[in-house]
Amino acid sequence: MLLSALLTGLVLGGTYALIAMGLTLQYGVARIMNLAYGDVIIAAAFGAFVLFNLAGLNPLLGLLIIVPAGFVLSYLIYALMLQPLARRSGDRGRLEVDSILATFGLLFVIQGIALVVFGSGFMSYSFLAVPINILGTPLAANRVLAFALAVLLGGGLYLLLTRTRWGTAIRAVAVAPGSAPLVGIDVDRVARFAFALGGALAAAGGVIISMYLTFSATAGVVFTMKALVVVIMGGVGNIPGALAAGLILGVVETLVASFIDPGLTLAATYLIFLAVLVLRPSGLFGRNAS
Amino acid sequence: MTARNLSLGLLGLVVLALLAAAPFYAGPYPLGLLIGILSYGVLATAWAMFSGPTRYVSLATVAFFGVGAYTVAVLGDVLPYPLILVVAAIIGALLAILVGLATLRLAGVYFVVFTFGLTELVRQLVTYYEVNVTKTLGRYVFLPLGPEHIFWQLLALGGATLVLAWWVRRSRIGLALRVIGDDPVAASHLGIDITRTKLVLFAASAVIMTLAGAIQAPRWTYIEPSIVFNPTVSFLTVIMALLGGPNRLVGPLLGAIPLFLLFEWLSANFPNHYSIILGLLFIAIVFLLPNGVLAFGEGLLNRLRGLTREVAR
């Protein structure tokens, strides 16, 4: 029972870590606190659902369509809506408030479209719902696949950020947006790219979630919250931190759901959030608070 | 200045008297609209009382509003009505102090995020309690209160809120809040107890929101977590205050009137596309009117005056 809960928790945590990486790119690099992030995830989940049911496309192939679509869409959102706000606001505080308010509006737009098209019911489809034996505990194959995909994508992103010039530029902007232009980095372009990359990761997370969880048009808020908790817990802009924090959150949630009550998972999430904010505002794995 | 204040106060009293008589001449539908406008006017004014000067954007309005409504639903048969309102106000204050102590020390964005999810958390906790402890989801509210009673109570609450907001703006605490909003570091060097000042105002604004919910509980008859903790209420409160200008006394109230009417019209005519339109409207307001309509209008007026002066020369 405990082992099975732990394994399920790790699998869930892998997905959380993946979606948190996208948000940490958007907030840490592009300086946009995106409250519509979870709704992008849900939109991608609906996309996978439609491709699976109407075109008979399995979600693995769906990823090849939806992830680039998430990238392009986020790129456009940044260029059309957020960049003007970033240019207008001189200081960082102003941009934070403006971007929160604007993406809050965006949340209602995306959610409203999902409600019009799909209604408010819970959705799911059956893909690879066969049990696999791991360490003597049966685990659904789709969950295992979801975990493998999260590791693959997250690992790929980590290599991209640490081993390429592009990644170095992104990290430079995250650490010192003021000094990055001095070494010839185009901060605007990097921010746009990081925001779009974050959107692509959200889309990937959405497809993965749709493989093994039920979702609904109004579930975006909860995913935004979970991604944010993981980001703050891991330290803003810290990719390994997001990975560790995601796994912790997934395990804690599953333990609460299996041993206390499934209705209290969000309460557990919040408790962790508050504890981290009060005790270590820079995150469990972050550098000292500035 | 005093003469102006006096005449403004008199004008306010006249408007108040005219409104107080409304249930005697307005039909049920206009009265319903007036209740809605007043309700959002109260929420937006209370929101701006804290969020205007401090620039801490709270997205938790409906958490307090819903707690007020639920308190009435739970205690409706047990306690006399005025006492229920007192209990609701105390619960709202306690919740606000709890949330405030945990989050008000933190940087703005964490506060926004926490309040953003607070509604969802309170809703889950209430649902959990109802399902597991009382074994019923949803309650009936039977109180002998007609729409006119609700209207008068809201009017009184609205009047009190405006007076409180006016007093806060003039008092030391209002000044302290503005300093905190402009520069928290300077504020703490001036010897302002930042956390306590913010906490007091946050709790006051939360109590008003809780009462607004408690007063309106009898209107629903049937109450369920998904009805009274509807995040759209928080969303509307913020756009109304932003539209009118959160740094003006009557700004939020003036923002509430057109947006509430628009909201009614939209939900009657485009029930399915309602939240899309609202989201777009929100984005447009953030883009076009960062300081609110009143500030925009004044800026326009000043420019016009400058222009006429130049022409006269």
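May I ask you to say which residue of A:264, A:249 is assigned to a helix (DSSP H, G or I), at the interface with chain B (Cβ under 10 Å from one of its Cβ atoms) and not hydroxyl-bearing (Ser, Thr, Tyr)?
Just one listed residue meets the conditions, A:264.
From the list B:101, B:94, which one is over 27 Å from residue B:20 (Cα atoms), in a helix (DSSP H, G or I), more than 14 Å from every other protein chain (Cβ to nearest Cβ) and open to solvent by 60 Å² or more (accessible area, probe 1.4 Å)?
The unique qualifying residue is B:94.
Does residue B:155 satisfy the criteria of being surrounded by fewer than 16 Cβ atoms within 10 Å (Cβ to Cβ), part of a helix (DSSP H, G or I) and modelled with pLDDT of 80 or more?
no
What single numbered condition from (1) within 12 Å of another protein chain (Cβ to nearest Cβ); (2) in a helix (DSSP H, G or I); (3) closer than 23 Å to residue B:64 by Cβ; (4) in contact with a Phe, Trp or Tyr (Cβ under 8 Å, 6 or more places away or on another chain) fails to hold for residue B:234?
Every listed condition holds for residue B:234 apart from (4).
Can you find even one residue in the range A:96-117 that is surrounded by 20 or more Cβ atoms within 10 Å (Cβ to Cβ), within 14 Å of chain B (Cβ to nearest Cβ), in contact (Cβ under 8 Å) with a residue 60 or more places away in the chain and over 18 Å from residue A:39 (Cα atoms)?
The answer is yes, given that some residue of the range A:96-117 is surrounded by 20 or more Cβ atoms within 10 Å (Cβ to Cβ), within 14 Å of chain B (Cβ to nearest Cβ), in contact (Cβ under 8 Å) with a residue 60 or more places away in the chain and over 18 Å from residue A:39 (Cα atoms).
Any residue at all in the range B:57-77 that's outside any helix (DSSP H, G or I) and away from chain A (no Cβ under 14 Å)? Break it down stepwise before answering.
To start, the set of residues in the range B:57-77 that are outside any helix (DSSP H, G or I) comprises B:57-60, B:76-77.
In the following step, the residues that additionally are away from chain A (no Cβ under 14 Å) were identified as B:76-77.
Yes: the range B:57-77 contains one or more residues that are outside any helix (DSSP H, G or I) and away from chain A (no Cβ under 14 Å).
Could you check the range B:217-230 and list, in sequence order, the residues that are open to solvent by 10 Å² or more (accessible area, probe 1.4 Å) and closer than 29 Å to residue A:219 by Cα? First the steps, then the outcome.
Here is the first cut: in the range B:217-230, the ones open to solvent by 10 Å² or more (accessible area, probe 1.4 Å) are B:218-222, B:224, B:226-227, B:230.
Scanning the range B:217-230 gives B:219, B:220, B:221, B:222, B:224, B:226, B:227, B:230.
Is it the case that some residue within the range A:252-263 is β-branched (Val, Ile, Thr) and buried (at least 19 other Cβ atoms within 10 Å of the Cβ)?
Yes, there is a match, as at least one residue in the range A:252-263 is β-branched (Val, Ile, Thr) and buried (at least 19 other Cβ atoms within 10 Å of the Cβ).
Is it the case that the range A:140-154 has a residue that's at negative phi, touching a strand residue (DSSP E or B) at 6+ places or on another chain (Cβ under 7 Å) and not in a helix (DSSP H, G or I)?
Yes, the range A:140-154 contains a residue that is at negative phi, touching a strand residue (DSSP E or B) at 6+ places or on another chain (Cβ under 7 Å) and not in a helix (DSSP H, G or I).
Determine which member of the set A:218, A:224 is of a type in the set (Ser, Thr, Tyr) and not in a loop (DSSP other than H, G, I, E, B).
A:224 is the lone residue from the list that is of a type in the set (Ser, Thr, Tyr) and not in a loop (DSSP other than H, G, I, E, B).
Could you check residue A:259 against (1) more than 12 Å from every other protein chain (Cβ to nearest Cβ); (2) modelled with pLDDT under 80 and say which number it fails?
The failed condition is (2).
Take the range B:238-286 and flag every residue that is open to solvent by 10 Å² or more (accessible area, probe 1.4 Å) and not in a helix (DSSP H, G or I).
B:246, B:247, B:248, B:249, B:250, B:270, B:271, B:272, B:273
Does residue B:191 satisfy the criteria of being within 14 Å of another protein chain (Cβ to nearest Cβ) and either assigned to a helix (DSSP H, G or I) or over 18 Å from the mean Cα position of the chain (by Cα) (or both)? Let's see the steps before the verdict.
Details: within 14 Å of another protein chain (Cβ to nearest Cβ): no; either assigned to a helix (DSSP H, G or I) or over 18 Å from the mean Cα position of the chain (by Cα) (or both): yes.
Answer is no for this residue.
Of the residues B:227, B:277, only one is closer than 23 Å to residue A:117 by Cα, without any contact (Cβ under 8 Å) to a residue 40 or more places away in the chain, away from every other protein chain (no Cβ under 13 Å) and over 13 Å from the mean Cα position of the chain (by Cα); which?
Only one candidate qualifies: B:227.
If you check every pair at least six apart or on different chains, which have Cβ atoms under 7 Å apart with a residue in the range A:36-47 that is farther than 12 Å from residue A:73 by Cβ and of a type in the set (A, V, I, L, M) first and a residue that is open to solvent by less than 10 Å² (accessible area, probe 1.4 Å) and not in a helix (DSSP H, G or I) second?
Correct list of pairs: A:42/A:215; A:42/A:217; A:45/A:215.
Scanning the range A:54-95 for residues that are closer than 13 Å to residue A:192 by Cα, of a type in the set (A, V, I, L, M, F, W, C) and touching a residue at least 24 places away in the same chain (Cβ under 8 Å), which turns out nearest to the other protein chains (Cβ to nearest Cβ)?
Restricting to residues being closer than 13 Å to residue A:192 by Cα, of a type in the set (A, V, I, L, M, F, W, C) and touching a residue at least 24 places away in the same chain (Cβ under 8 Å), the top hit is A:81.
Look at residue B:46 and say whether it is in contact with a strand residue (DSSP E or B) (Cβ under 7 Å, 6 or more places away or on another chain) and either in a helix (DSSP H, G or I) or over 30 Å from residue A:94 (Cα atoms) (or both).
no
If we scan the range A:154-163, do we find a residue that is among the charged types (D, E, K, R), at pLDDT below 85 and open to solvent by 50 Å² or more (accessible area, probe 1.4 Å)?
no
With the condition kept exactly as written, say whether any residue in the range A:72-86 is at pLDDT 90 or above, of a type in the set (A, V, I, L, M) and open to solvent by less than 40 Å² (accessible area, probe 1.4 Å).
Yes, the range A:72-86 contains a residue that is at pLDDT 90 or above, of a type in the set (A, V, I, L, M) and open to solvent by less than 40 Å² (accessible area, probe 1.4 Å).
Restricting attention to the range B:173-183, does a residue exist that is under 17 Å from the mean Cα position of the chain (by Cα) and open to solvent by 10 Å² or more (accessible area, probe 1.4 Å)?
No - not one qualifying residue is present in the range B:173-183.
Working only within the range A:176-186, note down all residues that are assigned to a helix (DSSP H, G or I) and either touching a residue at least 60 places away in the same chain (Cβ under 8 Å) or more than 25 Å from residue A:154 (Cβ to Cβ) (or both).
Hits for the range A:176-186 are A:181, A:182, A:183.
Do you know which of the residues in the range A:28-58 that are in a helix (DSSP H, G or I) and more than 30 Å from residue A:236 (Cβ to Cβ) is most open to solvent (accessible area, probe 1.4 Å)?
Filtering first and then ranking leaves A:54.
Counting only residues that are in contact with a Phe, Trp or Tyr (Cβ under 8 Å, 6 or more places away or on another chain) and modelled with pLDDT under 80, which one in the range B:117-151 is farthest from the other protein chains (Cβ to nearest Cβ)?
So the residue we want is B:145.
For residue A:222, work out the one condition from (1) within 14 Å of chain B (Cβ to nearest Cβ); (2) surrounded by fewer than 23 Cβ atoms within 10 Å (Cβ to Cβ); (3) within 23 Å of residue A:5 (Cα to Cα); (4) over 13 Å from the mean Cα position of the chain (by Cα) it doesn't fulfil.
Failed condition: (4).
Within the range B:57-66, is there a residue that is without any contact (Cβ under 8 Å) to a residue 12 or more places away in the chain and either within 15 Å of residue B:158 (Cβ to Cβ) or in contact with a His (Cβ under 9 Å, 6 or more places away or on another chain) (or both)?
no
Determine whether residue A:239 is closer than 17 Å to residue A:205 by Cβ, surrounded by 18 or more Cβ atoms within 10 Å (Cβ to Cβ) and more than 12 Å from chain B (Cβ to nearest Cβ). Quick ask: steps written out before the conclusion?
Working: closer than 17 Å to residue A:205 by Cβ: yes; surrounded by 18 or more Cβ atoms within 10 Å (Cβ to Cβ): yes; more than 12 Å from chain B (Cβ to nearest Cβ): yes.
Against the criterion (closer than 17 Å to residue A:205 by Cβ, surrounded by 18 or more Cβ atoms within 10 Å (Cβ to Cβ) and more than 12 Å from chain B (Cβ to nearest Cβ)), residue A:239 qualifies.
The values are calculated or read from the model by the stated rules, or taken from the named source; none is laboratory data. Given the structure is predicted, the values throughout are model-derived calculations rather than measurements. Note that each Cβ is placed from the backbone with ideal geometry, even for glycine, and that neighbours are counted across all protein chains shown. Side chains are part of the model used for accessible areas, which takes the heavy atoms of the whole protein and leaves out ligands, DNA and RNA. Shrake-Rupley method; radii C 1.70, N 1.55, O 1.52, S 1.80 Å.
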